[in-house]
Every structure is written in C-alpha cells, then in structure tokens.
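Every read-out reported here was derived from the displayed coordinates using simple, explicitly stated rules and does not represent laboratory data. Since the model is a prediction, treat every value here as computed from it, not as a measurement. Cβ placement follows ideal geometry from the backbone for every residue including glycine, while neighbour counts extend to all protein chains displayed.
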Amino acid sequence: MRIEKIEKMAEEKIAEDYNGATFLRECCMPTGIIESLDHDGRGITRLDGKTIFVEGALPGECVEYSSYRKKPSYEVAQTLRVTKVSGDRVTPRCPHFGVCGGCSMQHFDATAQVAAKQRVLEDNLWHLGRLKPEQLFPAIYGVPWGYRHRARLSVRYVAKKGGVLVGFHEKKSGYVADMRQCEVLPPHLSALLVPLRHLVVQLSIRDQLPQIEVAVGDQTTVLVLRIMAPLKPADEVLLRAFADQHRVVFYLQTKGPATAQLFYPLDAPALSYCLPEYDVEHFFSPTEFTQVNFAINRVLVRRAMNLLAPQAGERVADMFCGLGNFTLPIARSGASVVGIEGSADLVRRAAENAAANGLAGRVEYRVANLFEATPETLAALGHFDKMLIDPPRDGASELVSAFGDDAPRRIVYVSCSPSTLARDAAILVNQKGYHFRGAGVVNMFPNTSHVESIALFERD
Ligand SMILES: C[S@@+](CC[C@H](N)C(=O)[O-])C[C@H]1O[C@@H](n2cnc3c(N)ncnc32)[C@H](O)[C@@H]1O
C-alpha cells in the first residue's frame with residue numbers, strides 16, 4: 001500500500017476516532033477549539049460529526065475558519081481569526097512565512113513542535129497499528145534555524161517585471177515565492193538568494209534555468225544549475241566571478257541528476273560531512289541523497305548505534321543504506337556489515353567511502369530493490385544478528401513481511417513517515433513476534449510538519 005493511501009487512511013481514522021471537541025458558533029463563520037495537530041501540522045477540530053483540519057491553528061486555540069475543501073467525513077480549512085491564542089504561538093521569524101511553502105510551523109514554539117510531533121507519532125502508531133511502544137525515547141532535537149544543508153530552489157524569470165525569483169514554491173500555487181531570505185537555510189546560503197537573482201538575470205539563458213539545487217558540505221557549498229540551453233562565454237565569465245566572490249562551487253546539470261558536472265572551480269574540495277564520534281567522513285556528490293540536517297544526523301546516528309549496539313563478531317544488515325551513513329559507524333564498532341541499497345550510484349559511492357575510511361574489509365554492499373524483497377531473496381543474504389532499516393517514505397513492508405524464522409533478533413527502524421512506520425511495526429509485532437521496545441521522534445526538519453522517528457524492535 002503506497003504512502004498517499006496510508007496517509008489518507010490516517011486522516012480518515014483521525015476523523016473517525018476523534019472525540020470531545022467543543023464548538024462555538026459565532027457570526028457566520030464557524031468557530032472551533034483545536035484539540036491537536038494532524039500529520040501535516042494542521043489543527044484538528046470538529047463540527048456536526050465532521051473533522052475539520054484547520055491550517056494555521058494550534059492546539060488549545062479557538063479559531064474562526066473557512067473551509068476550502070469539503071469531503072463527506074472531513075473538511076480542510078484556513079484560519080481566519082484566532083479568538084483564543086495558544087501560549088505556544090510565537091511570531092514567525094521569516095517575513096515570507098505563510099506564503100512560502102518551505103515551512104509550515106514557524107508560528108509554533110520550537111519545543112512545542114517537538115512535543116506535537118511526538119503526539120503525531122503516537123497517534124499514528126495507535127490509529128494505524130493499534131500499538132503502544134514499551135518506552136518513549138527522549139526526542140532528538142536541536143537548533144531550529146539554519147539547518148537545511150540541501151535544498152532545491154526554483155528559479156523563474158518574470159519577463160514583465162524584468163526580474164528573476166529564486167526560492168521555494170508558494171504554499172498554495174506553483175509560483176516561486178518572492179523571497180529574499182530563508183531562516184532554515186544556513187545563513188551564508190540565505191544571503192545568496194538576492195545575489196543569485198542578480199546573477200541569473202544577467203545570463204543569456206535566464207529563462208532556461210528552472211532550478212538551482214544547493215548542497216552544503218563541511219568544507220564547501222555547491223550550487224547545481226539546471227540548464228536547458230548551453231551557456232555563452234559571457235555567462236561563464238559571470239559564473240566564475242560569482243563563485244570567486246561568494247566562495248561557492250558551480251555544477252551544471254543538462255538533464256537528469258546524473259548529468260551534473262563540476263563547472264568551476266575545478267580544484268574545489270569535494271563535498272563531505274564527518275561523523276567525528278565514529279571517525280568517519282562521507283563524501284557525496286551534490287545530487288546524491290544525504291540527511292538534510294547534519295547536526296541532528298550526528299545525534300541520530302549515535303542514538304541508532306546505542307540502540308543497535310553492534311559488537312565485534314556480529315553480522316549486521318544496513319537496509320536502504322544510501323552512501324553508508326549508518327554502515328560505516330556500524331563497521332567501526334567491529335561488526336561486519338552488509339549495506340543494501342537500490343541505487344547503483346549510491347552503492348558505488350558507499351564502497352568508495354568505506355575504502356576512504358579504511359573500512360572496506362568489514363563492509364559489503366549490494367544493489368537490490370528492497371520493495372521486491374521476498375523470503376527467498378532475504379534468505380539468500382544469510383543470517384543477520386541485527387538490522388538497521390532506514391527506508392524512504394513508502395516504508396519497508398515487503399522487507400519486514402519477508403522475515404522468516406531466521407530473522408534478526410534486533411531491529412532499529414529509522415522512519416521518515418509515521419504512518420508507514422505504524423504499518424510496518426504492526427507487521428513486526430503481530431505477524432513476526434517482535435516486542436516493540438521503544439520509539440521517539442527526531443526533529444530533522446524543524447518548522448515543518450515532517451516527522452522523522454526511530455524505533456526499536458527485539459524478538460526472543
Ligand atoms: C531515507 S534514505 C536513507 C539513506 C541512508 N540510510 C542515510 O542515512 O543517508 C532511503 C534510501 O533508500 C533508497 N531506496 C529507495 N527506494 C529503494 C528500494 N526500492 N530499494 C532499495 N533502496 C531504495 C534510496 O536511494 C535512499 O538511499
């Protein structure tokens with residue numbers, strides 16, 4: 001079952017299970033008291049048996065709202081006026097908040113956001129899996145600003161105004177937000193938004209440059225320009241001058257992500273991030289997957305390692321291993337690791353990283369589509385003592401369903417979707433006999449409704 005369907009089920013389940021809201025009717029606009037937040041950060045209230053998901057409303061608030069989508073069992077609405085304000089409501093730091101689609105929760109105190117995400121996790125586990133973990137792990141969170149080391153910025157040449165916009169899409173339209181700063185990008189990147197407008201407008205291909213992908217490493221900042229037409233010599237001069245002035249590295253991408261090529265400066269240091277606690281450095285190319293928030297990733301890896309507790313002599317699997325974010329710390333512990341990943345490019349990168357960190361002897365990588373895992377393909381990999389699973393939003397139902405009698409005795413599951421975690425946890429507990437030892441949130445994306453989490457399962 002794919003993620004959209006699961007999320008819709010979650011929405012309908014919340015609508016079904018919800019009880020106890022109080023309602024007031026005033027003027028002609030409906031008014032409701034917000035009980036909790038849903039998985040998109042919208043307030044939940046109820047009117048005449050219907051659940052209303054209210055954007056911009058916080059738990060405990062009384063708001064007037066206007067519905068813009070009406071379904072038989074629920075409606076989606078916009079807050080018009082807050083008549084009782086939550087103590088957790090704060091002034092959004094960014095002037096573009098509300099218009100820009102990059103963030104949805106800057107009006108909510110950062111610590112309260114974490115508590116609300118923990119509740120979303122617990123609600124999903126209960127509504128979709130009928131599960132309660134034995135323990136709630138302390139939430140992992142950090143500084144809520146300047147954390148986004150990767151972003152895909154859209155670029156739009158607005159011929160009528162003779163200008164260029166560079167930024168995220170607006171919340172409710174396909175337009176590029178007219179943004180001049182971004183509080184969740186690292187400050188040096190936010191400071192480039194306006195200079196980038198001035199750069200692009202001077203290029204001959206200003207209307208054929210739809211996107212700039214940014215990737216920040218420990219040593220370097222890369223901007224990947226998606227270009228639909230070749231640069232002219234004068235454009236190249238402008239790019240080189242910009243790179244020198246702002247200390248960034250340009251890549252040019254003519255088609256898909258694999259076509260991204262270093263343009264200037266040719267002697268730029270490679271993109272990389274370190275996990276000092278495990279003495280590893282991961283190198284990556286600007287279009288390859290890495291965790292977005294490096295500071296939180298360090299804590300996440302430490303938590304995963306503490307829960308997994310790999311030992312010398314054990315054989316551990318790192319499923320959906322990407323470029324080896326967890327694989328190399330596991331290998332550093334002395335265990336031998338098999339990393340499995342769907343992208344051949346990432347597996348190549350992961351193998352290079354293992355070699356660069358002197359860990360090639362303890363690590364083996366394989367390319368495999370884990371959405372097609374079967375008991376036979378899993379058995380062919382041999383016995384694993386422990387397993388780390390870090391799937392994309394669709395989760396890992398095929399993988400966990402394929403577990404047989406020889407399944408790992410401990411599983412650490414890192415999830416970016418509470419609804420698919422709930423579904424997969426139910427398979428592990430109800431069908432495969434695991435104990436659900438604990439779960440907790442990881443605030444990888446502060447100021448957005450995105451809920452990342454980590455869970456531990458063990459069997460006797
Ligand atoms: C959330 S990322 C985790 C990557 C890595 N563990 C990390 O921390 O950087 C999920 C990974 O799953 C991979 N992936 C997506 N679909 C897959 C599939 N069907 N089979 C195997 N891997 C897949 C992606 O390429 C990506 O590297």
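Towards the positive end of the charge dipole of the stretch 263-337, with charges on Cβ (+1 Lys, Arg; -1 Asp, Glu), say which of 286, 265, 319 has the farthest Cα.
Of the options given, the answer is 319.
Exposure proxy check: 254, 221 ranked by fewest other beta carbons within 10 Å?
254, 221
Pull up all non-local amide H partners of residue 42: gap of 5 or more, or a different chain, and H-to-H distance under 5 Å with H placed in the peptide plane.
It is none; the list stays empty.
Whole angstrom only: what separates the Cα centroid of the stretch 339-376 from the Cα centroid of the stretch 167-185?
Going from one Cα centre to the other spans 36 Å.
Can you give the helix-only mean residue ellipticity at 222 nm for the chain, where every DSSP H stretch with n ≥ 4 adds -39500 (n - 2.57) and the sum goes over all residues, rounded to the nearest 500 deg cm²/dmol?
Working: 11 runs with 116 residues, N = 460.
So the helix-based figure for the chain works out to -7500 deg cm²/dmol.
How large is the dipole of the chain about the Cα centre if only Lys and Arg carry +1 and Asp and Glu carry -1, each at its Cβ, rounded to the nearest 20 debye? Don't jump to the answer; show the numbers that get you there.
Details: 52 positive and 52 negative charges, 224 e Å.
Magnitude of the dipole: close to 1080 debye.
Counting other C-beta atoms within 10 Å, which of 302, 156 has the fewest, and how do the rest follow?
302, 156
Treating only the Cβ of Lys, Arg, Asp and Glu as charged (+1, +1, -1, -1), what charge dipole size does the stretch 295-359 show about its Cα centre? Round to the nearest 20 debye.
That gives the stretch 295-359 a dipole magnitude of about 240 debye.
How large is ³J(HN,Hα) for each residue in the stretch 392-409, as worked out from phi by the Karplus curve 6.51 cos²θ - 1.76 cosθ + 1.60 (θ = phi - 60°), to whole Hz, x for Gly and Pro?
3J(HN,Hα) across the stretch 392-409, in whole Hz: x, 4, 5, x, 9, 5, 5, 5, 6, 5, 7, 4, x, 5, 8, 5, x, 7.
Which one, 188, 111, 381, is farthest towards the positive end of the dipole of the chain when Lys and Arg carry +1 and Asp and Glu -1 on their Cβ?
Farthest towards the positive pole: 188.
Charges only on Cβ, +1 for Lys and Arg, -1 for Asp and Glu: so what's the dipole of the stretch 50-190 about the Cα centre, in debye to the nearest 20?
540 debye
Express as a percent, rounded to the nearest 5, the fraction of DSSP beta bridges in the chain (both residues included) that run antiparallel.
65 percent
I need 204, 336 ordered by Cβ neighbour count within 10 Å, fewest first.
204, 336
Which whole-angstrom value gives the distance between the alpha carbon centres of the stretch 388-448 and the stretch 248-310?
Taking the Cα centre of the stretch 248-310 as reference, the centre of the stretch 388-448 is 24 Å away.
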